[in-house]
Amino acid sequence: MSNIYQFEAELLEGETKALADYKGKVMLIVNTASKCGFTPQFAGLEKLYEKYKSQGLEVLGFPCNQFGGQDPGTNKEIGTFCQRNYGVSFPMFAKVDVKGPEAHVIFRYLTREAKGLLGSRNIKWNFTKFLVGRHGEVLERYAPTTKPEALEADIEKALAQK
């Protein structure tokens, strides 16, 4: 598996979306939660999306309920919450597992390509972020504590790559 474009996932609305549709774009893929201490990061993610979308950035949110049961709602409830509270306009996908035997194939790929602290593959909490370059390669993995605005330099560097 050489890049992320071979995968697809279900959007919150139920439609299947191929990641190949984002070919040539920079992607910031994030496992999200609606009731987490890091939930306010939705605002920062939306700001990044608005600032860099015209240059080719796509932010992709994947809700997950595996960490403290912090996203228990339905896909519809999650979408309403994100829009109402944070004005989220970037694509949000259906709730997935990001670790364990039922982990979505996208997150199995991401964690294999970009290990965490001390070489760990596991995602440890909500709002772990993965930056994917224009050619589908995983460039960087960021901890949940890394605020979206701290990613700007890396995003600009990735956007500059052709």
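The values are calculated or read from the model by the stated rules, or taken from the named source; none is laboratory data. Note that the structure is predicted; figures quoted are calculated from it, not measured. Quick reminder, even Gly has a Cβ in these numbers, built from the backbone with ideal geometry, and neighbours come from all protein chains shown. Just so you know, the surface numbers come from the protein's heavy atoms only, side chains and all, with ligands and any DNA or RNA stripped out. Shrake-Rupley method; radii C 1.70, N 1.55, O 1.52, S 1.80 Å.
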Across the range 34-88, which residue is most open to solvent (accessible area, probe 1.4 Å) among those that are of a type in the set (Lys, Arg) and either within 17 Å of the chain's Cα centre (by Cα) or modelled with pLDDT of 95 or more (or both)?
Lys47
Could you list, in sequence order, the residues of the range 71-101 that are in a loop (DSSP other than H, G, I, E, B) and not hydrophobic (A, V, I, L, M, F, W, C)?
Asp71, Pro72, Gly73, Thr74, Gly87, Ser89, Pro91, Lys95, Asp97, Lys99, Gly100, Pro101
In the range 1-30, how many are open to solvent by less than 50 Å² (accessible area, probe 1.4 Å), assigned to a strand (DSSP E or B) and in contact (Cβ under 8 Å) with a residue 40 or more places away in the chain?
8
Given (1) part of a helix (DSSP H, G or I); (2) surrounded by fewer than 21 Cβ atoms within 10 Å (Cβ to Cβ); (3) of a type outside the set (A, V, I, L, M), identify the lone condition not met by Thr111.
(2)
Residues of the range 124-147 being within 19 Å of Leu45 (Cα to Cα), open to solvent by less than 20 Å² (accessible area, probe 1.4 Å) and over 12 Å from the mean Cα position of the chain (by Cα), in sequence order, are Gly133
